[in-house]
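One structure is given below, encoded as structure tokens.
The values are calculated or read from the model by the stated rules, or taken from the named source; none is laboratory data. Here the structure is a predicted model, which means the values were calculated and not measured. Cβ placement follows ideal geometry from the backbone for every residue including glycine, while neighbour counts extend to all protein chains displayed.
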């Protein structure tokens, strides 16, 4: 089922982008605008957001045995929102790679001959991101569903976009604040707003709202999305330090280059003794970090127990998620597919945990 849904989502995404070219008259401007957006949006990805959206909708829909094909079109709204976030995030983080290929602002440095190609790329990609954001709402409106449910779901989708932007705002502020001013609570608030809400909470809740799920399950799905989302972001922070560039599709130095305040970092800063903390800060605060700094920070996070602590935080949120899922009234076959999708997402936690002798379940979502 997961494979078939993802295949249909990819097909709908490609069709939507093609139709948008004509509907919104992209031919009025330089071809590089449409070509760059199409290239960026259709790159190989997990498509976890639209897949969860479709599964949640089908799990609660009263339209048995077949739901409207338009559900796949509307599912692309969460994927387009995701791409909008990535485009702007890459500008803020000054990243050169996304999914193993140039970021949007790198592609658009070639839009015209100029003495400042980087500035041109940044400026144009902000605009391209705004267009993708607008297309997300265009995709949402394609759903053929009860008007009241559609309006309720749209409000939630809009609220998600606002909260995610707030998370980006907090993350950017944290980037310039002193490490001792950022608490673990601050980091988890950022995780909830910037990642959990739009990656898991929104797809599950909006899909269920459109299908007519009851209020209790809507609340539970939101709690589930936040728990899984926080766990997923902790894993992403671990991957950013302990994985390879080939696996993550961007520079292995990107996260530490930005001196991101993650759970790994906050735990190490709080736990280390004065001498060890001084050595840690020497590498962490260096303006231009090298692979040598990365290796040193990896050792710090292992020796300080920060990696083990972070994996434990993932496990506790997965346990909470399993408790929540046992209370849901969703159809069993669709809930099982959601669990399967979650398990596929946490393979990196299992692999890295095993490499460092840390316990982690092979199938965390039961």
Matching entry among 348, 316 (being in a helix (DSSP H, G or I) and surrounded by 16 or more Cβ atoms within 10 Å (Cβ to Cβ)): 348
Name the single residue that is farthest from residue 174 (Cα to Cα) among those in region 91-110 being in contact (Cβ under 8 Å) with a residue 24 or more places away in the chain and assigned to a helix (DSSP H, G or I). 110
Confirm whether residue 71 is assigned to a helix (DSSP H, G or I) and either surrounded by 23 or more Cβ atoms within 10 Å (Cβ to Cβ) or at pLDDT below 95 (or both). yes
With the condition kept exactly as written, say whether any residue in region 48-61 is in a loop (DSSP other than H, G, I, E, B) and closer than 21 Å to residue 329 by Cβ. yes
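Among helices (runs of 4 or more DSSP H) lying entirely in region 205-261, which contain 3 or more residues that are modelled with pLDDT of 95 or more, at negative phi and surrounded by fewer than 18 Cβ atoms within 10 Å (Cβ to Cβ)?
Numbers: elements: 215-242, 245-248, 254-257.
Once the helices (runs of 4 or more DSSP H) in region 205-261 are filtered for at least 3 residues that are modelled with pLDDT of 95 or more, at negative phi and surrounded by fewer than 18 Cβ atoms within 10 Å (Cβ to Cβ), what remains is 215-242.
Conditions tested, residue by residue: (1) at pLDDT 95 or above; (2) exposed (fewer than 15 other Cβ atoms within 10 Å of the Cβ).
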{"site": "44", "(1), (2)": "no, yes"}
{"site": "51", "(1), (2)": "yes, no"}
{"site": "97", "(1), (2)": "no, no"}
{"site": "117", "(1), (2)": "yes, no"}
{"site": "127", "(1), (2)": "yes, yes"}
{"site": "131", "(1), (2)": "yes, no"}
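Go through 96, 130 for me and flag whichever is more than 22 Å from residue 10 (Cα to Cα) and in the same structural domain as residue 29 (by TED's automatic domain parsing). Let's see the steps before the verdict.
Values: 130 fails: more than 22 Å from residue 10 (Cα to Cα).
Unique residue meeting the criteria: 96.
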